[in-house]
Amino acid sequence: HLSTEEAYDELAALGLQYGPAFRGIQWLSREADGVLASLRMPDGLDAQPYFFHPALHDAAMHVAVLAEPCRGHTGFVPVRIRRIWLRTRPVGLLRTHARVARHDAGMLADLRVEDARGELVEIIEGIELSHLDDGILDCDVTQEEASWLYNVEWRALAPVETPITVSIDSAPSDRRGWLVLADRQGVGA
């Protein structure tokens, strides 16, 4: 039996780190190839614009990665899902059951999500998970292939004294400007 903190500590040890908005597991219990977990919508998220909120759906997928057969690997990536069947919109606490078995070089999982009354909410069948052990990356990716990948690089820019305005009719100049697209959280400031 694992608490929220213990479950997400185990995921972090696998290289999967989730902030508060993606921590939907309340508790989790595992035995052999099965996992049973209680899920809830993470605090501060609005479920209204979605039929099934992505963070809650992601939490259901976390359950499969915490199954006993998955332990001991450094990370997993879902590479294929055979079928997703959504029956009803989730409300309140959910119960998720996952069955996981070894499959080729990874795992194969099936998920069933129910509401607190036991009514079916969602079934996900045939989730193929490939594990990303560090050794696989070291030996299977050539130098050229590694150069195809993007890297995140943050650089501080000097603040602009006067705001730059962009006009479609303006003539090009030597001065470079930036168009900053931002959400309503103030990130663009």
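For the reader, a short list of remarks on this structure follows.
- Cβ-Cβ distances below 6 Å connect the following pairs, each with a first residue in region 116-138 that is at pLDDT below 90, a second residue that is aromatic (F, W, Y), and a separation of six or more residues or different chains: L129/F76; H131/F76.
- Tally of residues being modelled with pLDDT of 90 or more and either open to solvent by less than 10 Å² (accessible area, probe 1.4 Å) or within 17 Å of I123 (Cα to Cα) (or both) across region 23-39: 8
- As a summary of the residue check, R102 satisfies the conditions (1) modelled with pLDDT under 90; (2) surrounded by 13 or more Cβ atoms within 10 Å (Cβ to Cβ) except for the one numbered (2).
- Evaluating A189 against the criteria (1) assigned to a loop (DSSP other than H, G, I, E, B); (2) at pLDDT 75 or above leaves one unmet condition, (2).
- Flag if P90 is modelled with pLDDT of 85 or more, touching a helix residue (DSSP H, G or I) at 6+ places or on another chain (Cβ under 6 Å) and over 17 Å from S29 (Cβ atoms): no
- Odd one out for D58 among (1) at positive phi; (2) modelled with pLDDT of 85 or more: (1)
The values are calculated or read from the model by the stated rules, or taken from the named source; none is laboratory data. Computed from a predicted structure; not experimentally measured. Glycine also receives a Cβ, built like all others from the backbone with ideal geometry; neighbour counts cover every protein chain displayed. Surface accessibility is based on the protein's heavy atoms, side chains included, excluding ligands, DNA and RNA. Shrake-Rupley method; radii C 1.70, N 1.55, O 1.52, S 1.80 Å.
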